[in-house]
Amino acid sequence: MVSDVKSWIEIENIEDVSGKYHFLSDDGIKIYLPQSFKKYSSAEYQKVLDSLASKENYKLETKRLQVLREMKGNLYIYFDEETRSTYTINTLPYTPLYRTDAQYILGMIKMNNDKVSNKTDLNFKKITANYTSNKTAQIFKAIYKIKNTKKQTSTFNSSYILTSNKKTVFLQLHTGFDVDFDPFLQKMIL
């Protein structure tokens, strides 16, 4: 199983991606994730958080989940126990995504990160942010390194908004390491 973990962390191109599809039946979407990710209900995930996270992290993650649950559409949660990585996907009402929207979203992310930084020992550093568009899809991506200055630990949060085939989804991947998750997203079927 350790080799499976290593393989999804070190993917370099779409041909090397090994995982499995999960069908989001309420939305007609297939997501592709590493084998080690399992689907959790909100209640199951809260129990996992309670057993693994510090009080501060539990509170922050619980608040994030509450915001995600309040969004229009469905929330799906996947968790990898081995790497303690969390993948959430919200299906949203279809909304075309333009470059100006991406700039606005990035500004909102920065504002929220600054708010959290001011109340905690967490510092956010943008690793990348970009927007791509073609005839069939629009994609916004922002990756942040989150450093806990008190504990001297770091995590990574990757946020994506994808619009294609008259569907829009918001994805977040939270890991303890920097990873290129794009090859898994390229296998998603909206």
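The lone criterion from (1) farther than 22 Å from residue 84 by Cβ; (2) touching a residue at least 40 places away in the same chain (Cβ under 8 Å) left unmet by residue 130 is number (2).
Going through region 112-131 one residue at a time, which ones are part of a strand (DSSP E or B) and of a type in the set (Val, Ile, Thr)? Matches in region 112-131: 127, 128. For region 23-55, the candidate set comprises residues that are among the polar types (S, T, N, Q) and assigned to a loop (DSSP other than H, G, I, E, B); within that set, the residue that is least open to solvent (accessible area, probe 1.4 Å) is 36.
The set of residues in region 133-180 being more than 26 Å from residue 16 (Cα to Cα), touching a residue at least 40 places away in the same chain (Cβ under 8 Å) and open to solvent by less than 30 Å² (accessible area, probe 1.4 Å) consists of 168 alone. Would a scan of region 40-55 turn up a residue that is under 24 Å from residue 118 (Cβ atoms), among the hydrophobic types (A, V, I, L, M, F, W, C), touching a helix residue (DSSP H, G or I) at 6+ places or on another chain (Cβ under 7 Å) and modelled with pLDDT under 95? Yes, region 40-55 has at least one match. Note on region 79-111: residues that are farther than 27 Å from residue 52 by Cα, open to solvent by 20 Å² or more (accessible area, probe 1.4 Å) and in a loop (DSSP other than H, G, I, E, B) total 5.
Among 120, 88, which is the only one that is within 22 Å of residue 68 (Cβ to Cβ) and under 18 Å from the mean Cα position of the chain (by Cα)? Reasoning before the result, please.
Working: 120 fails: under 18 Å from the mean Cα position of the chain (by Cα).
That would be 88, the only listed residue that is within 22 Å of residue 68 (Cβ to Cβ) and under 18 Å from the mean Cα position of the chain (by Cα).
The set of residues in region 56-78 that are open to solvent by 40 Å² or more (accessible area, probe 1.4 Å), more than 15 Å from residue 116 (Cβ to Cβ) and of a type in the set (A, V, I, L, M) comprises 71, 75. Of all the criteria given as (1) farther than 15 Å from residue 190 by Cα; (2) basic (Lys, Arg); (3) crowded, with 16+ Cβ neighbours inside 10 Å, the one not satisfied by residue 126 is (3). The criterion of being closer than 18 Å to residue 64 by Cα and either in the same structural domain as residue 88 (by the TED database) or outside any loop (DSSP other than H, G, I, E, B) (or both) holds for residue 171. Across region 132-152, the qualifying residues are those that are assigned to a strand (DSSP E or B) and of a type in the set (Val, Ile, Thr), and the one among them that is nearest to residue 121 (Cα to Cα) is 146. The residues of region 132-153 that are among the hydroxyl-bearing types (Ser, Thr, Tyr) and either within 16 Å of the chain's Cα centre (by Cα) or at pLDDT below 95 (or both), listed by number, are 136, 144, 149, 153.
Might you check whether a residue that is small (Gly, Ala, Ser) and more than 25 Å from residue 151 (Cβ to Cβ) occurs anywhere in region 67-86? Write out each step before concluding.
Taking region 67-86 as the starting set, the residues that turn out to be small (Gly, Ala, Ser) are 73, 85.
This time we only want the ones that are more than 25 Å from residue 151 (Cβ to Cβ), so: 73.
Yes, there is a match, as at least one residue in region 67-86 is small (Gly, Ala, Ser) and more than 25 Å from residue 151 (Cβ to Cβ).
The values are calculated or read from the model by the stated rules, or taken from the named source; none is laboratory data. These figures come from a predicted structure and were not determined experimentally. Glycine also receives a Cβ, built like all others from the backbone with ideal geometry; neighbour counts cover every protein chain displayed. Protein only, heavy atoms only, side chains kept; ligands, DNA and RNA dropped before computing areas. Shrake-Rupley method; radii C 1.70, N 1.55, O 1.52, S 1.80 Å.
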